[in-house]
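A.B. asks: Pasting a structure here, questions to come.
Bear in mind that the values in this text are calculations on the coordinates, not laboratory data. Please read all numbers here as calculations on a predicted model, not as lab measurements. For neighbour counting, all protein chains shown are included, and Cβ atoms are generated from backbone atoms with ideal geometry for every residue, glycine included.
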Amino acid sequence: AQSVTQLGSHVSVSEGALVLLRCNYSSSVPPYLFWYVQYPNQGLQLLLKYTSAATLVKGINGFEAEFKKSETSFHLTKPSAHMSDAAEYFCAVRVYTGKLIFGQGTTLQVKP
Amino acid sequence: KAGVTQTPRYLIKTRGQQVTLSCSPISGHRSVSWYQQTPGQGLQFLFEYFSETQRNKGNFPGRFSGRQFSNSRSEMNVSTLELGDSALYLCASSPERPGNYEQYFGPGTRLTVT
């Protein structure tokens, strides 16, 4: 069965520091992977997607993620954190038509 | 293009009542999925509709149902509400075409059952 594991339910960084949010997946087929961000009292916003075209994927707001098949990972990074990046982040894998499985989420705190 | 819209944004219901939530997808998207989000269980898949047909269903009781109309708008219904149904219900639409499987989410409907 396909699954997603996000390591660390809470990550705290200083403004300007590197952001690294970890995601590992389990999939028996080439996966379609996604990162979403959720701000309080809002829905999920798509940050980026991996669809096998390139292993390094660039998304919105300066985020990027690298697909590593050997490590079954799809970690999300941003070189320099901004206060506005504080939110909850979800990694997801497409299981079959119309269904995503999500990780438990990682709350990113950015300290001034 | 306008994004996914959901109505109402907030609902308060009493145990035993039923509720209907509405979702309008992005224009041109024929796939609509529904998810339940709770602090304890996280994001869980409810069901997915494509061209008015339910293609997939998650592991929820039969009290949860849905439908899709010819204009791709979708509704979900929860009958005989229980306290545990309190959650944020998210609707997502997708092109569901090769290479374009990403889902775009609406703002959600916050359901509180008292």
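A.B. asks: Considering only residues that are part of a loop (DSSP other than H, G, I, E, B) and without any contact (Cβ under 8 Å) to a residue 12 or more places away in the chain, look in the range A:88-112 and name the one that is farthest from the other protein chains (Cβ to nearest Cβ).
C.D. replies: That would be A:T97.
Residue-wise test of (1) surrounded by fewer than 20 Cβ atoms within 10 Å (Cβ to Cβ); (2) facing chain A (nearest Cβ under 9 Å); (3) among the charged types (D, E, K, R).
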{"position": "B:G40", "(1), (2), (3)": "yes, no, no"}
{"position": "B:Q44", "(1), (2), (3)": "yes, yes, no"}
{"position": "B:S51", "(1), (2), (3)": "yes, no, no"}
{"position": "B:N56", "(1), (2), (3)": "yes, yes, no"}
{"position": "B:Q68", "(1), (2), (3)": "no, no, no"}
{"position": "B:E75", "(1), (2), (3)": "yes, no, yes"}
{"position": "B:V78", "(1), (2), (3)": "no, no, no"}
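A.B. asks: Can you say whether A:L76 is surrounded by 21 or more Cβ atoms within 10 Å (Cβ to Cβ), within 14 Å of another protein chain (Cβ to nearest Cβ), touching a residue at least 24 places away in the same chain (Cβ under 8 Å) and not aromatic (F, W, Y), as far as the supplied structure shows?
C.D. replies: No, not satisfied.
A.B. asks: Being among the charged types (D, E, K, R) and assigned to a loop (DSSP other than H, G, I, E, B) is the filter here, so list the residues in the range A:1-40 that pass it.
C.D. replies: Of everything in the range A:1-40, just one residue is among the charged types (D, E, K, R) and assigned to a loop (DSSP other than H, G, I, E, B), namely A:E15.
A.B. asks: While we're on this one: Report yes if A:K49 is buried (at least 20 other Cβ atoms within 10 Å of the Cβ), within 14 Å of another protein chain (Cβ to nearest Cβ) and of a type in the set (D, E, K, R), otherwise no.
C.D. replies: yes
A.B. asks: Hey, any hits in the range A:58-70 for a residue that's surrounded by fewer than 20 Cβ atoms within 10 Å (Cβ to Cβ), of a type in the set (A, V, I, L, M), more than 11 Å from every other protein chain (Cβ to nearest Cβ) and touching a Leu at 6+ places or on another chain (Cβ under 7 Å)?
C.D. replies: Yes, the conditions are met somewhere in the range A:58-70.
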